[in-house]
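Chemist: Next up is a structure, given as structure tokens.
The values are calculated or read from the model by the stated rules, or taken from the named source; none is laboratory data. These figures come from a predicted structure and were not determined experimentally. Glycine gets a Cβ as well: all are built from the backbone with ideal geometry, and neighbour counts include every protein chain shown. Note: accessible area is taken over every heavy atom of the protein model, side chains too, but ligands, DNA and RNA are not part of it. Shrake-Rupley method; radii C 1.70, N 1.55, O 1.52, S 1.80 Å.
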Amino acid sequence: MSDLESMGVAFHIAGLLIGLSCVVYILIQNRMDKLQKKLYLYMLFILVLNTVSEIFITLITPHRFESAALPDIISFSKYVYFLTHAAMLPLLGYYVLSITGRIMSFTPIRHVIFNLPVLAVETLMLTNPLHHQCYYYDKITIEYHRGWGVTILYVVSAFYIVYFIANLFSSWKAITAKRRVALTYFVSVVVIGIGIQLIFIKLRVELFAEALAFLGLLLAVEDEANLVEPELGVYNRKALQIDLDNLIANKRRFHIICIKLESADSVRRMTGTSNLTALAATVAAELEKFVKRYNIYYLMPDTFVLTLTRDKKEEAKEKALRISDRFNKSWHYNNVDIILSAATILAGIPDDIDNVEDIFNTADSSLPRGHQKCMIGKDSLGYILRRRTVEDAIQRCIDNNGVITFYQPTVCADSLKVYGAEALMRLHDERLGEIYPDEFIPIAEQIGLIGELDDIVLRQVCRFSASGVPEKLGIRSINVNLSVLQFIQPDIVGHINKIVDGCGADRSQINFEITESVDAADYAKTESVINKMKQSGYRIYMDDYGTGYSNVSALFSMDFDVIKIDKSILWGAEKSEFGMVLLENNIRMFRQMRKGILVEGVENREQTELLQRLGVDYLQGFFFSRPVSENVLVELLENGSL
Ligand code: C2E
Ligand code: CA
Ligand code: CA
């Protein structure tokens with residue numbers, strides 16, 4: 001064997017080892033369901049097979065005269081080599097197409113055209129034993145000779161490589177930077193390998209170069225460890241990002257289904273762990289009945305996203321409904337049956353959502369209270385997307401002084417003179433304009449910003465109060481709303497005192513309103529906070545009486561100064577006799593309990609007179625004034641319009 005030949009064997013052995021290692025690694029990952037992976041593995045198999053046959057040929061060629069069968073074995077090995085090596089070309093083409101995402105828009109005709117050159121070459125190779133135009137072995141010396149068929153093979157290879165490069169460039173934007181580098185590396189190494197081989201026919205480095213190129217792909221593209229959620233075996237957020245970018249860059253029409261698990265609490269109670277992941281694995285396995293595993297993405301801690309790239313609108317809808325239905329049944333986990341509630345959202349891309357960011361917004365934003373179980377299309381998504389923009393607006397308003405306190409005066413029921421005012425929050429956002437509390441308060445509570453908002457309002461109120469202006473104009477105290485969530489924070493009283501005292505306000509001029517919708521479990525806590533607040537010098541109002549399920553005996557134990565009867569009770573009294581009975585009796589009950597009574601939502605003279613007759617203490621409503629800005633309030637009071 002010549003030096004060059006032994007070097008060739010060494011290169012082939014190295015290529016074989018690299019190829020085998022890649023095969024093993026891919027098999028260990030156990031993610032062979034995806035076409036891209038299958039293609040990669042087929043190519044590796046071919047590479048391994050080719051290195052083996054090349055090693056074999058090189059090693060036995062010096063002994064070819066020792067046995068009559070050897071020349072035939074050598075020539076057969078070469079035959080297998082050519083047949084399989086040529087098949088690598090279209091596989092490689094398809095592989096690139098599947099990485100760039102183009103494969104999904106490949107029509108049957110394009111498949112045919114794409115495969116024609118290789119079919120021609122394969123036919124030529126296959127029939128070589130008949131015409132010997134590709135290669136032949138000299139009958140006497142048993143030496144290998146190339147024919148014009150091999151030239152054709154190289155021409156066709158060049159065609160596929162050019163195709164590969166063209167495809168890569170035209171999809172440049174659809175793939176990640178890492179994949180661009182990996183694929184560029186791949187082509188370069190393969191081309192260099194072939195180039196060397198063409199120049200130095202005896203230096204067999206082509207397969208070694210290919211093995212190196214495959215190794216590069218393995219590291220940068222096929223190693224999915226960082227894209228897979230290990231406990232679930234499905235893709236993660238990063239994978240979703242890559243795949244969505246790709247689908248959208250390829251202008252594909254597809255659907256997504258978001259599934260939000262909503263039972264973190266009950267899971268914790270039943271399994272003793274707040275870790276939803278294990279249970280999510282059960283769900284993931286079930287979802288594989290609806291879509292392929294590589295179309296399932298798990299976004300920690302409780303959301304699945306499925307991509308449906310082949311289903312028509314109706315099929316997608318049907319799947320979403322079936323998935324939603326599945327959550328009516330129980331899930332078996334750790335020998336217990338658990339009911340998981342989940343919200344399912346179906347969106348068409350690009351009809352309902354047309355960008356990746358909004359897809360993630362849909363998947364990430366928590367749902368409005370009382371949402372439907374299964375939400376389909378734009379109408380239900382409008383809410384979610386708006387919600388997300390409101391979330392951003394809340395943060396913007398906090399950062400840019402967009403949180404503004406409005407004031408709505410309250411009046412004494414008998415004199416109808418101004419008594420106090422309630423501070424009502426408004427958000428003034430540069431992009432969304434004015435946003436009202438009914439929309440942003442529940443969102444701020446869910447994303448944990450309500451405390452910051454309430455603090456800002458409290459500070460503004462205290463500054464206003466400390467200025468002495470309200471007192472001069474007849475406002476004895478100002479009511480500040482406190483979210484129930486705020487109220488049960490540790491040391492809320494100390495926190496409030498610090499703000500009030502820090503602004504130099506008089507504690508007796510600040511009242512706090514909390515709604516009655518306190519969780520029964522928190523009654524004791526609420527009661528103690530109320531007592532501490534009162535000891536600190538504030539007056540406490542119960543807001544929205546009549547909207548929840550009041551536990552009247554609990555109300556007794558909580559020492560509210562004033563009860564604010566909700567406008568729905570007042571309005572109900574006008575509508576029916578029963579409503580009137582409810583209003584009258586509530587007022588009587590609170591009078592007997594010696595509570596102050598304020599009725600809100602007073603919109604006309606009749607209501608005012610009715611409430612005066614029933615003996616309530618304070619009134620509030622549009623009949624006297626709508627909520628107005630601080631300046632307008634001062635103006636109204638100064639010129640006596642109130
Ligand atoms: P609320 O505490 O019950 O406030 C009274 C709401 O009724 C206000 O709505 C007010 O504009 C409205 N209103 C007053 N009089 C009338 C009337 O005669 N007719 C009608 N139709 N409505 C009337 P707004 O300002 O939209 O506030 C809604 C809710 O948002 C408030 O209900 C309160 O629960 C919450 N909120 C407002 N400001 C704050 C705040 O600074 N912190 C917290 N945590 N919640 C706030
Ligand atoms: Ca209130
Ligand atoms: Ca109220």
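Chemist: Obtain the nm distance between the two label points defined at Ile339 and Met300 by a simple spin-label model: each point lies 7 Å from its Cα along the Cα-to-C-beta direction.
Modeler: 3.1 nm
Chemist: Moving on. Set the Förster radius R0 to 60 Å, insert the Cβ-Cβ distance between Thr184 and Asp72 as r into 1/(1 + (r/R0)^6), and round the FRET efficiency to 0.05. Each step should come with its number before you reach the end.
Modeler: On the way: r = 42 Å, r/R0 = 0.71.
After rounding to 0.05, the efficiency reads 0.90.
Chemist: Please list, by residue number, every one of the chymotrypsin sites (Phe, Trp or Tyr not before Pro) in segment 559-642 that is coil in DSSP and has at most 14 other beta-carbon atoms within 10 Å.
Modeler: Phe622
Chemist: Select from segment 582-611 those trypsin sites (Lys or Arg not before Pro) which occupy a DSSP coil region and have at most 11 other Cβ atoms within 10 Å, ordered by residue number.
Modeler: Of the trypsin sites (Lys or Arg not before Pro), the ones in loops of segment 582-611 whose Cβ has at most 11 other Cβ atoms within 10 Å are Arg594.
Chemist: Name the cysteines of the chain that stand alone by the Cβ rule: no other cysteine Cβ under 4.7 angstrom.
Modeler: Cys22, Cys134, Cys258, Cys374, Cys397, Cys412
Chemist: Cα axis of helix 577-592 to longest principal axis of the chain: angle in degrees, 0 to 90, nearest 10?
Modeler: 70 degrees
Chemist: Of all accessible surface on segment 228-376 at a 1.4 Å probe, what whole percent is carbon and sulfur?
Modeler: Details: 3190 of 6910 Å².
Percent of accessible area from carbon and sulfur atoms in segment 228-376: 46.
Chemist: Still on this structure: Using only the heavy atoms of the protein chains and a 1.4 Å probe, how would Trp172, Trp331 rank by accessible area, largest first?
Modeler: On the way: Trp172 85, Trp331 5 Å².
Result, largest first: Trp172, Trp331.
Chemist: Over segment 228-376, with the other protein chains present, what is the accessible area per residue in square angstrom, probe 1.4 angstrom?
Modeler: Values: 6910 Å² over 149 residues.
Ligands and nucleic acids excluded, the figure is 46 Å² per residue.
Chemist: Run through every distinct alpha carbon pair of the chain and return the Kirkwood hydrodynamic radius in angstroms, one decimal place.
Modeler: 31.0 Å
Chemist: Got a sec? Charge dipole of the chain, +1 on Cβ for Lys and Arg, -1 for Asp and Glu; which of Gln133, Asn115, Gly15 is way out at the positive end?
Modeler: It is Gln133.
Chemist: Still on this structure, please answer the following. For helix 313-326, what angle does its Cα long axis make with the longest principal axis of the chain, in degrees from 0 to 90 and rounded to 10?
Modeler: The answer is roughly 70 degrees.
Chemist: Going through the cross-link list Lys173/Lys260; Lys260/Lys319; Lys373/Lys567, which pairs have a Cα-Cα distance over 19 Å in this structure?
Modeler: Lys173/Lys260; Lys373/Lys567
Chemist: Protein chains only, probe 1.4 Å: how do Lys534, Lys292 rank by accessible area, largest first?
Modeler: Details: Lys534 55, Lys292 115 Å².
From most accessible down to least: Lys292, Lys534.
Chemist: Do any trypsin sites (Lys or Arg not before Pro) in segment 398-475 lie in a loop, going by DSSP, with at most 11 other beta-carbon atoms within 10 Å of their beta carbon, and if so which?
Modeler: Lys417, Arg431
Chemist: Quick check: pseudo-label points 7 Å beyond the Cα along Cα→Cβ at Asp3 and Gln612, how many nm apart are they?
Modeler: 11.7 nm
Chemist: For helix 206-217, report the angle its Cα long axis makes with the longest principal axis of the Cα atoms of the chain; keep it between 0 and 90° and round to the nearest 10°.
Modeler: For helix 206-217, the angle is close to 10 degrees.
Chemist: Something else about it: If you count only protein heavy atoms and use a 1.4 Å probe, how large is the accessible surface of Phe159, to the nearest 10 Å²?
Modeler: For Phe159, the solvent-accessible surface is approximately 90 Å².
Chemist: Then there's this: Please give, to one decimal in nm, the separation of the simple spin-label points placed at Ala120 and Val24, each 7 Å out from Cα toward the Cβ.
Modeler: Simple spin-label model gives 4.2 nm for this pair.
Chemist: Which percent, to the nearest 5, of DSSP beta bridges fully inside the chain are antiparallel?
Modeler: That works out to approximately 60 percent antiparallel.
Chemist: Still on this structure: Quote the FRET efficiency, to the nearest 0.05, computed for Ser641 versus Lys292 with a Förster distance R0 of 51 Å and r equal to the Cβ-Cβ distance.
Modeler: Rounded to the nearest 0.05, the efficiency is 0.15.
Chemist: Apply 1/(1 + (r/R0)^6) to the Cβ-Cβ distance of Ile109 and Asn401, taking R0 = 56 Å, and write down the FRET efficiency to the nearest 0.05.
Modeler: Efficiency, from the Cβ-Cβ distance: 0.35.
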